[in-house]
Structure formats: structure tokens, C-alpha cells
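Presented below is the structure to which this report refers.
The values are calculated or read from the model by the stated rules, or taken from the named source; none is laboratory data. All values derive from a computational prediction rather than experimental measurement. Virtual Cβ from ideal backbone geometry, glycine too; neighbours counted across all protein chains shown.
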């Protein structure tokens with residue numbers, strides 16, 4: 001019989017600490033991190049956990065699991081706060097308040113390239129450039145982009161379109177783009193527009209207006225009246241915009257935050273203004289780690305959220321929070337400008353705070369109702385399939401293609417709270433007969449679960465396959481080849497009439513279940529299946545469009561931007577070029593017969 005490890009002696013541990021600022025970590029016997037905290041004086045803060053003062057059940061439960069503790073000393077309390085945020089994000093401790101990652105927030109992206117483009121962006125920040133946001137809604141991003149095009153005339157087109165234009169597009173004709181694609185604007189002039197757009201998006205409109213005023217006077221001084229008039233019109237547009245967007249008599253750069261809590265569930269509602277522009281609202285549902293203290297949860301949210309996002313000059317919150325002055329100092333230091341967190345406001349700001357508070361309560365009520373419904377569906381699926389416990393992880397695979405072209409398999413993941421979008425995966429299917437859905441399913445399942453076996457990652461409790469008996473058989477064979485068991489495999493086939501609610505659930509033992517449209521279990525299956533279908537179609541369309549929009553001329557040695565543009569202009573596009581023979585291609589300026597033969601061979605899939 002294994003001896004029980006000795007209980008952690010917190011008082012003895014405290015004796016070895018000093019009163020320097022730093023961060024402490026509580027660690028369980030299985031090496032899982034239970035809690036990360038900061039302290040202005042480590043000895044005093046850690047000692048408070050092990051004295052005779054009464055503590056909440058949550059804290060007592062956590063302390064009972066502590067096997068050891070670690071500390072990191074920092075130079076200042078501000079450094080301790082920043083380190084605490086980094087560790088909470090990376091370690092995801094069980095008892096900390098944790099702001100869930102969500103990469104679906106919309107941003108405005110200003111790319112980093114010779115001729116930068118401006119566009120909306122969602123998802124991981126893989127594209128080099130500057131990201132402004134996050135914005136509360138897609139509508140707010142589109143409104144901002146509309147302003148950017150009107151004021152600074154930056155391009156919005158994809159690179160594949162930009163590189164192959166031979167004449168200006170409609171955006172240039174209506175005054176919303178300076179047409180860098182056909183060299184109608186000088187590089188330094190375009191770069192200056194990009195820099196000024198960055199100032200505007202940073203909320204530095206006053207600085208931009210002053211700069212434009214000085215540039216206008218300089219242009220007048222050198223008798224360049226056309227440039228002076230253009231700068232005057234731009235400056236007037238910006239000032240007119242500011243005049244319509246004042247809050248409390250000045251252009252606002254602030255966030256308004258309110259929290260609503262019920263038991264250990266929390267909703268933080270963010271109402272954002274930048275340079276006086278209302279960017280809308282966004283509801284967040286942080287994991288509270290069992291805490292029921294609204295001020296503690298709000299403090300953790302403010303600290304973690306603004307560790308990732310640039311803080312505005314003013315943050316209005318609906319209650320005072322612990323370490324408010326310290327958080328102010330940290331945000332001011334990292335943002336290199338003074339940030340003020342206010343709790344007592346009047347006038348229009350008080351109205352915004354009340355609006356945020358009411359929306360937080362409504363959002364929390366809606367979320368809790370949704371969570372209860374999700375739980376009921378999961379319980380129904382458990383009972384329908386005879387599972388020993390509620391399914392903690394559900395995965396679903398679907399295949400999408402157009403007559404065998406650009407086949408893509410999707411894998412979506414759901415947990416007890418709904419979709420886990422950060423763990424979705426797509427698989428580009430290759431090496432099969434076009435249109436063979438069975439082979440595509442086998443390949444996708446084999447690739448996903450081989451990696452799981454090799455890396456010993458988590459397996460799903462339920463694996464849904466969008467398809468009939470053939471797809472289920474291929475999935476079962478792939479799992480058997482890899483030695484994967486303990487996964488409930490279910491095929492989701494459309495019923496005889498192909499109507500929603502009449503789906504058949506196919507089990508590996510040959511049984512067929514017909515839960516019916518009123519079944520909570522089937523409603524969950526439909527939700528997961530539909531999400532897999534959407535994700536697969538989106539990936540397939542993207543892959544197909546990429547193949548059709550990317551010019552294959554770019555892969556041919558000796559074809560640069562000028563020759564590519566000349567070829568496309570001569571033949572009216574890639575379709576006309578593909579229909580031409582070698583002799584006709586060779587008639588284009590700068591294309592000899594050898595190069596024409598390479599172009600023809602590449603476009604027709606021939607060896608060169």
C-alpha cells in the first residue's frame with residue numbers, strides 16, 4: 001500500500017520567505033498548478049493562507065490539495081502583477097479567475113508589405129502587420145474601414161488581385177483607393193497615407209490634425225496649392241468627424257466595464273469608445289475558479305484583458321477592485337501613457353455604466369439558460385448511447401469537395417460548454433481517387449488519431465461521423481489499425497426523406513437509432529454535425545478559391561510582375577492565356593519561344 005504523502009507545512013514554508021514583492025504558485029501532488037498569486041510582500045501574503053483567520057470553502061478546498069509551493073521574487077509589485085498575468089495565461093491554474101481565449105474578435109489589420117492593405121481580420125495574428133482592436137462587432141470594423149478608405153485611400157484587395165491588375169478598379173474610380181496596383185501613386189506618398197492611417201486608428205486624431213495643418217502650410221509656402229487643398233480637405237474631414245463624436249465635451253478614449261454574477265458564473269460587459277467612436281459592446285464569460293467575489297473577478301479580468309490589449313486612457317468600472325492603483329501603474333507603464341481607472345462617474349458616463357450593467361445581467365441570464373440547455377442535451381446523449389458518464393469531449397468529422405476537387409475534411413470539437421473553436425482542425429486530403437469519400441474519411445481519421453496516439457493527447461468520448469455505414473466502417477477500421485478503443489463511434493446519416501430531425505444514428509454493432517426531432521440528444525448531434533459541415537465547406541471553398549485565384553504564372557522562372565501583367569493584358573486574363581498556343585504566346589512583348597513553351601506546359605500540366 002502506497003504511503004500517503006505528508007501534508008504541506010505552510011507555516012514552515014513561510015519562515016523561509018522575505019518581504020520582497022513577487023509571485024507564488026501553489027502546486028498539487030500531481031504537479032498541476034492550483035493557484036498563482038502576486039504579493040507586495042511574499043512573506044505576509046503567503047502567511048495569510050496558513051493563519052487562524054476563517055477562510056471561504058473554496059480557499060480551504062484549494063489549500064487541502066497543496067503539496068508544495070514555489071515563489072519568484074521580482075523587483076517591484078508592478079513586475080509581480082505582469083508576471084502573474086503571464087503565468088495565469090500559460091499555466092491555467094484550477095482556482096484562478098481565467099479570461100478565456102477567443103480568437104474570433106474582429107480587428108483592423110494594416111499589413112506590413114511594400115504596399116500595405118487595410119482589412120478586417122479574425123483569428124490568429126499570423127499575417128505580419130499592425131492589428132487595431134479588438135472591436136466589439138463586425139459592424140464597427142466595417143464602419144472604421146469605410147472611414148479609412150474615404151480618408152486615406154488605402155487598398156483593400158487581396159495580394160493575388162493586386163499583383164495582376166492592369167487597370168484601376170472601381171474603388172479608385174469612386175475615390176476610395178489611390179490605385180497603387182498600377183502605379184498611380186508614388187511609394188513615399190502611399191507610405192505617408194499608411195502612417196497617418198495608423199495615427200488615426202491609434203486614437204491620435206488631434207496629433208494628426210496638427211500635423212496635417214503644418215503640412216498644409218508648408219505646401220502653401222512652396223506654392224503647391226493642389227496638395228495644400230487636399231490636406232485641407234482631409235483635415236476638415238477628420239475635424240468634422242471629431243465634432244460629431246464628442247462625449248462629455250471631449251473626444252473619448254475609454255472603456256466601460258460592468259460585471260454581473262450569479263453563484264460562480266460571471267459576465268463582464270465591455271462598452272468601448274476610441275477617439276469618440278462607439279465600437280459597441282462585447283460580453284465575456286471568464287472562468288471564475290469557484291470565486292463568488294465580483295470585485296475579485298473584475299480585477300482579474302481587467303489585469304488579464306489589458307495585458308493582451310492596449311488600454312485606453314480611461315477605464316470606467318462599476319465597482320472598486322483590489323489593487324486598483326497598482327493595476328493603473330502597470331497599465332500606464334506598459335502603455336507608455338497615463339491610464340486612469342475610475343469608479344465614480346457622472347453624466348453621460350454614468351449612463352453608459354448603467355447600460356453596461358443591464359447588458360451584463362441580460363447576457364449572463366442568456367448564457368446560463370444556454371448552458372442548462374447544453375447540459376440537458378449532453379445528458380440525453382449519454383442516456384441514448386448508454387455512456388458511463390456525460391461526454392466531456394465530442395468530435396465530429398465531415399468531408400467536403402466539388403466533384404472531387406479540393407477535398408477537405410473537418411474536425412470540430414465540443415465540450416460541456418459548447419464548441420471549442422481553438423481545437424478545430426482541417427485536413428487537406430491528397431493521394432486518393434477524386435470523389436472517394438470513404439478513402440477521404442479513412443485518411444482524416446488516421447491522421448487525427450495517429451497523432452493522438454503518438455503524442456498521447458486527449459481522445460474524444462464520442463466520435464461523430466457525418467455519413468452512412470461506409471464512412472462509419474472506414475472510421476472504425478482506422479481506429480482499429482491504430483489500436484484506439486474506448487471511443488463511442490456514431491454515424492449520422494440523413495433519414496429517408498432527408499428532413500432535419502429524421503436523422504439515423506448508426507452504431508458500429510449494426511444498430512440504428514431514430515431519436516426523433518424532440519430528442520435533446522439528437523439536437524446536440526445536429527448542432528455538432530452542422531458545425532462540422534460548415535467548417536468543412538468553408539475550408540473547401542477557401543482551398544478551391546485559392547487554387548483558382550492564384551496565378552500559376554507566379555511559379556514560372558522568368559515571369560516577373562511586368563511580363564505577368566503584359567500576358568494577362570494581352571489575353572484578357574488567365575483563361576484567354578490558357579486557350580492560346582505557344583506561337584501566340586511568343587508574340588507578347590518580352591516573351592521568347594522557349595519561355596512561351598514553359599508557360600504553355602505549366603498551364604496545361606505538362607512536363608517542361
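Of the candidates 432, 399, 394, the single residue that is over 24 Å from residue 545 (Cα atoms) and either surrounded by 14 or more Cβ atoms within 10 Å (Cβ to Cβ) or free of Cβ contacts under 8 Å to residues at least 12 places away in the same chain (or both) is 394. Go through the residues of segment 339-352 one by one and say whether even a single one is at negative phi, in contact with a helix residue (DSSP H, G or I) (Cβ under 7 Å, 6 or more places away or on another chain) and surrounded by 19 or more Cβ atoms within 10 Å (Cβ to Cβ). Yes, segment 339-352 has at least one match.
The helices (runs of 4 or more DSSP H) found wholly in segment 153-230 and carrying at least 1 residues that are under 19 Å from residue 132 (Cβ atoms) and touching a strand residue (DSSP E or B) at 6+ places or on another chain (Cβ under 9 Å) occupy 187-201, 205-221.
Out of segment 98-109, which residues are at pLDDT 85 or above and either in contact with a helix residue (DSSP H, G or I) (Cβ under 8 Å, 6 or more places away or on another chain) or surrounded by fewer than 16 Cβ atoms within 10 Å (Cβ to Cβ) (or both)?
108
Screening segment 416-429 for residues that are surrounded by fewer than 16 Cβ atoms within 10 Å (Cβ to Cβ) and within 19 Å of residue 520 (Cβ to Cβ) and picking the one that is modelled with the lowest pLDDT gives 417.
Per-residue answers, yes or no, for (1) farther than 21 Å from residue 98 by Cβ; (2) at pLDDT 90 or above:
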position: 7; (1), (2): yes, no
position: 16; (1), (2): yes, no
position: 29; (1), (2): yes, no
position: 37; (1), (2): no, yes
position: 42; (1), (2): yes, yes
position: 62; (1), (2): no, yes
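Right, residue 387: assigned to a helix (DSSP H, G or I) and either modelled with pLDDT under 90 or in contact with a strand residue (DSSP E or B) (Cβ under 9 Å, 6 or more places away or on another chain) (or both) or not? Against the criterion (assigned to a helix (DSSP H, G or I) and either modelled with pLDDT under 90 or in contact with a strand residue (DSSP E or B) (Cβ under 9 Å, 6 or more places away or on another chain) (or both)), residue 387 does not qualify. Residues that are out of contact with any helix residue (DSSP H, G or I) (no Cβ under 7 Å at 6 or more places or on another chain) and either more than 27 Å from residue 538 (Cα to Cα) or crowded, with 21+ Cβ neighbours inside 10 Å (or both) are absent from segment 403-415 altogether. Contact annotation: no residue pair with Cβ atoms under 6 Å, 6 or more positions apart or on different chains, pairs a residue in segment 346-358 that is closer than 14 Å to residue 268 by Cβ with a partner that is at pLDDT below 85 and in a helix (DSSP H, G or I). The residue that is modelled with the highest pLDDT, among those in segment 536-559 that are surrounded by 13 or more Cβ atoms within 10 Å (Cβ to Cβ) and assigned to a loop (DSSP other than H, G, I, E, B), is 559.
Does residue 333 satisfy the condition of being modelled with pLDDT under 90 and assigned to a helix (DSSP H, G or I)? Please lay out each step first, then the result.
Details: modelled with pLDDT under 90: yes; assigned to a helix (DSSP H, G or I): yes.
Considered against the rule, which asks whether it is modelled with pLDDT under 90 and assigned to a helix (DSSP H, G or I), residue 333 comes out as yes.
Taken over segment 56-98, the criterion of being farther than 18 Å from residue 302 by Cβ, part of a helix (DSSP H, G or I) and in contact with a strand residue (DSSP E or B) (Cβ under 6 Å, 6 or more places away or on another chain) is satisfied by 62, 91. Just to be sure, is residue 590 outside any helix (DSSP H, G or I) and at pLDDT 80 or above? In short, yes. In segment 411-513, counting only strands (runs of 3 or more DSSP E) that sit wholly within it, the ones holding 2 or more residues that are under 26 Å from the mean Cα position of the chain (by Cα) and under 20 Å from residue 535 (Cα atoms) span 425-428, 462-466.
Residue under question is residue 44, and the condition is that it be without any contact (Cβ under 8 Å) to a residue 60 or more places away in the chain and within 17 Å of residue 17 (Cβ to Cβ); does it hold? So residue 44 fits the description; yes.
Looking only at segment 74-88, decide whether some residue is touching a helix residue (DSSP H, G or I) at 6+ places or on another chain (Cβ under 9 Å) and closer than 30 Å to residue 148 by Cα. Checked segment 74-88: no residue is touching a helix residue (DSSP H, G or I) at 6+ places or on another chain (Cβ under 9 Å) and closer than 30 Å to residue 148 by Cα. Would a scan of segment 155-175 turn up a residue that is surrounded by 21 or more Cβ atoms within 10 Å (Cβ to Cβ) and within 27 Å of the chain's Cα centre (by Cα)? Yes: segment 155-175 contains one or more residues that are surrounded by 21 or more Cβ atoms within 10 Å (Cβ to Cβ) and within 27 Å of the chain's Cα centre (by Cα).
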